[in-house]
Each structure stands twice: as C-alpha cells, then as structure tokens.
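Structure first, commentary second.
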Ligand SMILES: NC(=O)c1ccc[n+]([C@@H]2O[C@H](COP(=O)([O-])OP(=O)(O)OC[C@H]3O[C@@H](n4cnc5c(N)ncnc54)[C@H](O)[C@@H]3O)[C@@H](O)[C@H]2O)c1
Ligand SMILES: [Zn+2]
C-alpha cells in the first residue's frame, strides 16, 4: 500500500493506492452521514466487498446508469434531489465509487450541493486510478460539449484498490493503459523503461504488478497537479496526445473509440508531428511509438475524415485565438508547448499514421 500526497490550495489530500485501500475510509469520521454514488453493474459486482472494507455494511448507494450520458446536468439534479430526500446535510460526505464518469459527476454534485460537501474518490478504472480521480477537476457535459460546466474542488481523500480492475473488459483495460503510456512519456526514462519491460506481459489478474503500475502512474499526475492546481500552464502537459485524440473522438461521434484508444492514435500522430517539426529524434520517436503499440491492438483509424479532424483541432479547449497549442514530445521525460507548427506537418502526421505509412 502506498500513500501519495497531493498539495492543493485547500491544504492537500492523500491518495492511497493498494490492495485494501478502501479500508482507509474507516478513518474518516465526523460526518453526519455518508452516501455512495455508483453504477448498478459495478455495485452488483463489488458493492459487498467495498462496503465491508469501507466500514459501511448494508449501504444503499445512489445509482446512475453506466456511461458518459450520466455526466449531465439532469443527472446532477437527480442525484442532488435524492441526497436531499435521504437527508444529506452540509456535514454529509459523498463517495464516488466508479470510473471517471461517476467521479466527475460525484465531484460536481458534492462541490455544489448546499454550496459544497466533502467527497471521496474511490476510482474503479485504470483511467480513473491514474488520472481523473486526482486533481479535483469535476464536470458535466452539456449537449455535445464535454466538460463544459464544472468546478475545481479537491476531494477529501482518494482510495484506489487495483483489485477492482479485474472485472474490466480487456478492451477497456487496454484503453486505460494508453494513458499510462502517456504518463511514461511525460515522466522519464525510469517509468518509461519499466513500462517497456512489463507492458507486453501485463494481465489484469496480476494484482501485485498492477498495484505498482497504478502507484507509479498516479505519481506522475500527483506531481503535476501538486504544482499547478488551476492549470495555468504546467497541467497542459497532461494533454499530450489529446489534441488529435479529442478531434478523433469528436469526428467519430464518441462511438467508435474508447477515450484511451483515441488518445493512443493521438499519441502516435503527435510523436510523428514532433519528428516532422524537427523536435524529436526518430530513434526516440520509434521507442515511444513502440510502447503505444505494446499495449495491444487498436481499432483502425482508416475512414476517419482528415478534413474533419483537422478542422476540429482548433476547437480544442486549449486552443487560443484559433491557434492550436501543441504539446510535443522532445524526448522521453520532456515535452514542449508550442503553437508554431506548420499546418502541412499536422496534416502529414495525421495521414502517415492513418495510412500506416509511418509506424515508428
Ligand atoms: N476530472 C479529470 O481530471 C478527468 C481526467 C480524465 C478524464 N476524465 C473523465 O473521465 C471519464 C472517463 O473515465 P473512464 O474511462 O473511467 O470511463 P467510465 O467511468 O465511463 O468507465 C468506463 C466503463 O467501465 C465500466 N467500469 C468502471 N469500473 C469498472 C470495473 N472495475 N469493472 C468493470 N467495468 C467497470 C463503466 O461502467 C463504464 O462502462 C470521461 O468523462 C472524462 O471526461 C476526467
Ligand atoms: Zn485522457
């Protein structure tokens, strides 16, 4: 078990990672009542063990349907109403037990319910354990715009038990691992080299190895958000691979790829872009691309329309005045931020990766 510490303007909080991490919830006292927000399938599978470990036996959770569409204002309203009906007051606490969707929705409701109550993140997907549960960003989607309305509000505690990942589908599991690869590129040769060794043989059933992986990848996020809670500049680096990735997700109506898969394509494209822009040595680019590929098969990106993706790039939330802010890998452990990238290079990077003309 490991305890990581996030520094935040509100004083900071612990991220507890490891088998048995949920038991740390027993130490949270002084609340008038505790509520759990989760999804039906997840609760059916893990609810009994979670409530026993958390010291909340017999808990009856608030349920939202699985999937991104629950991250909405109507669902935030329903959850808040149910909290009220069940007697939640200003000194109640909410635990978000689920992936990034439940985490973002739960954080959003908690940070606004009666102007804010404490909440805990108990993440259950790889993406949530290494990324979304930390940093205090909460949000709901408004129509097509993801995360349009949200808050920044630190959780009281994050408890990540990697054993819960055992029930993920292989595809969802791989999707989360692409984000771990991103963290490897951001972090440096230590984590990157270790991932090169272990990723090809990693199985969800290998709990000890998964625990180390979550600890090491979560540490990257902890380091970034501890230095920059409000995303002035540093937090941008977490966007590596996401500029192309978001555009690919949007161009395909959020149906064809899981988020991490779109990010994987985005990583390959931005690696190639960095090479074309003369910022990345091809030998390093090759190593990075190889690590992306080591996670496993990706659904093909053929057929995604180039003009549509290129058009969407400037609509990225990080774009300023129509200029795309690129996060380019320069070497393992170093990225740069620049808007100075020729449009032809962007189109070429997309095309070469899409057509399989460049494979790293
Ligand atoms: N707040 C942040 O800083 C931040 C950062 C990155 C992403 N996000 C958000 O996170 C969301 C994506 O998160 P996600 O990938 O965890 O998606 P998700 O929460 O939708 O979970 C993915 C799928 O896995 C299922 N699931 C969850 N835990 C499981 C388990 N242990 N076993 C089996 N199935 C399980 C869910 O039902 C769902 O179908 C997006 O909405 C994104 O915007 C937020
Ligand atoms: Zn992501």
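The values are calculated or read from the model by the stated rules, or taken from the named source; none is laboratory data. Since the model is a prediction, treat every value here as computed from it, not as a measurement. Because the Cβ atoms are built from the backbone with ideal geometry, glycine has one as well, and the counts that use them run over all protein chains shown.
Figures for the structure shown
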| read-out | value |
| --- | --- |
| Segments classed as helices (runs of 4 or more DSSP H), wholly inside region 159-275, with at least 2 members that are within 11 Å of ligand 1 (Cβ to nearest atom) | 170-187, 207-227, 242-251 |
| Some residue of region 324-334 being closer than 20 Å to residue 235 by Cβ and over 22 Å from the mean Cα position of the chain (by Cα) | yes |
| Positions within region 165-206 being farther than 25 Å from residue 41 by Cα and without any contact (Cβ under 8 Å) to a residue 12 or more places away in the chain, in sequence order | 190, 193, 197, 201 |
| Matching residues in region 177-224 - criterion: being farther than 19 Å from residue 259 by Cβ and buried (at least 24 other Cβ atoms within 10 Å of the Cβ) | 195 |
| Flag if residue 130 is surrounded by 22 or more Cβ atoms within 10 Å (Cβ to Cβ), part of a helix (DSSP H, G or I), touching a residue at least 60 places away in the same chain (Cβ under 8 Å) and more than 9 Å from ligand 1 (Cβ to nearest atom) | yes |
| Residues that are closer than 13 Å to residue 35 by Cα and near ligand 1 (Cβ under 9 Å from one of its atoms), drawn from region 103-126 | 107 |
| Subset of region 255-283 (residues that are within 26 Å of residue 173 (Cβ to Cβ) and free of Cβ contacts under 8 Å to residues at least 40 places away in the same chain) | 255, 262, 266 |
| From the options 276, 240, residue that is within 13 Å of ligand 2 (Cβ to nearest atom) and touching a helix residue (DSSP H, G or I) at 6+ places or on another chain (Cβ under 6 Å) | 240 |
| Test: residue in region 133-144 that is modelled with pLDDT of 95 or more, over 20 Å from residue 263 (Cα atoms) and more than 15 Å from the chain's Cα centre (by Cα) | no |
| Residues (away from ligand 2 (no atom under 13 Å from the Cβ), within 18 Å of residue 64 (Cβ to Cβ) and out of contact with any strand residue (DSSP E or B) (no Cβ under 6 Å at 6 or more places or on another chain)) located in region 108-138 | 109, 112, 113 |
| Residue match in region 290-303 (condition: over 21 Å from residue 175 (Cα atoms) and either surrounded by 13 or more Cβ atoms within 10 Å (Cβ to Cβ) or touching a helix residue (DSSP H, G or I) at 6+ places or on another chain (Cβ under 8 Å) (or both)) | no |
| Flag if residue 135 is in the same structural domain as residue 55 (by TED's automatic domain parsing), touching a residue at least 24 places away in the same chain (Cβ under 8 Å) and part of a helix (DSSP H, G or I) | no |
| Output for region 1-20, where each listed residue is within 18 Å of residue 163 (Cβ to Cβ) and outside any strand (DSSP E or B) | 1, 18, 19, 20 |
